[in-house]
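First up is the structure itself, then whatever we jot down about it.
Derivation of every value follows stated rules applied to the coordinates shown; laboratory data play no part. Since the model is a prediction, treat every value here as computed from it, not as a measurement. Heads up, the Cβs are rebuilt from the backbone with ideal geometry, glycines too, and the neighbour counts pull from every protein chain shown.
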Amino acid sequence: MAWLRDPDRPALLTVVFWLVLGATVAVNLMLPSTVPVRVLFFADVVLLCGLWMVMPWRPGRGRLLVTPVFLAGTFALGLVGAAGTHAPLALMGVANLALVYGMRTAAGILAVFSAILVITPPVFYGRTLVQTLADLAVIAVLGVFSMGMASAVLRARQLAERVRELTVAEERARLAAEMHDSIGHHLTVIKLGLENSERFRERRPEAAWEEVRQAKELTQAALADARRWVRALRPLALNGDLGSAALQNLASSFSGTGVTVTFEVEGMERPLGPDTELVLYRVLQEGLTNAVRHAEATSVRGTLTFEKRRIVLVVADDGKGFGQGHGFGLSSLNDRVTALGGRLISGDKAVGFELRAELPS
């Protein structure tokens, strides 16, 4: 049911929608009407309320036929007693078309809508041409506003996506360097150990076998590190997902580690900035990795909470707790959280270990 709290739905437009719909209902109740027409009116209102909650606000999110049905519903309001107050609702549908289908499609729909407004009032409602043109002028102003707002949102999305791509590229480069240092160190030590075993095999066979045993352990550690780094790098592309969806995918990627991982979202989700999104991603990754590598945990629970003025991510496990919270990973993570104006809290609990990141929204 995450689509009910779609973070791509503009908050201001949502407020305007409910205000206009409320005003339309109030005007209808004050005007005389027959019972059948009023029943049709309120059935249409209920339909629009439901459609508004499920309308997509980004391409590729499915439910693409919802917007045309929504537009048809707004037109139907004009036929069952909306008294002209329904026009802004239709323009909201046009703005949604621009966000989902593109500006050209929305412009074409708006042109058709304007033509309908020119023809319908004189034919069905007896309005004069002057009155119709006056109504059309108001609609034109609202239409330009709606299209302009949609264009601004599309441009902002493009810029945010570009910033996000650059941030991800920078993070991938940093992780690649760290992976090179980590695995390179293991391989260097393994190479030296095997060289020692060759020297010792004749004179000190026990020492030679000890070197081989240590090389084997280091090989296993290097392999585990490689798998962790691959897991870290691969989800970094986020598979096109944003916000909680990316975090959910990260949590799911740890399902094969033998630890039960759950992830939940609380509160009304809203869009995250690229830096905030990436830091939250790293906090969850660090918490999951620590639980798997050090805590001997059997379960980990991640909770992302959208509060009024901040976003809180808590990663808690049921492991042994000690030996965590002082490594380079958490120190580096703390610096990144602090740089965004937040704070990172980590420490043992009654059961297990908890990592908590609080970031301003």
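What's the local net charge at LEU304, with K and R +1, D and E -1, over the other residues with C-beta under 12 Å away? Within the 12 Å Cβ shell, the charges total -2.
Summarised as an ellipsoid, the range 241-361 has semi-axes of 22, 16, 12 Å, derived from the eigenvalues of the Cα gyration tensor scaled by 5 and square-rooted, with the largest first. Take the Cβ atoms of THR14 and LEU187, set R0 to 51 Å, and the FRET efficiency comes out at 0.40. Cut-off under 29 Å on the C-alpha distance; same-chain residues fewer than 8 positions from LYS349 excluded. Which lysines are left, in chain and number order? Within the straight-line limit of under 29 Å, LYS349 reaches these lysines: LYS308, LYS320. Measuring r between the beta carbons of SER33 and LEU142 and using R0 = 22 Å, the FRET efficiency lands at 0.30.
Go through 192-199, 73-80 and give me the packing order, highest mean Cβ count within 10 Å leading. Walk me through the numbers before you get to the answer.
Values: 192-199: 14.8, 73-80: 20.4.
Top of the packing list down: 73-80, 192-199.
For GLY102, neighbours were defined as the other residues whose beta-carbon sits under 14 Å from its Cβ, and their charges (Lys and Arg +1, Asp and Glu -1) total +4.
Go ahead and collect, in residue order, the members of the range 244-275 whose backbone nitrogen is under 18 Å from a label point 7 Å along the Cα-Cβ direction of ALA156. Those under the cut-off are 269-275. Of all lysines in the structure, the ones whose alpha carbon falls short of 26 Å from that of LYS216, not counting any fewer than 8 places away in one chain, are LYS191.
Amide H contacts under 5 Å for PHE263: GLY302, restricted to partners 5 or more places along the chain or on a different chain, H placed in the peptide plane at 1.01 Å from N.
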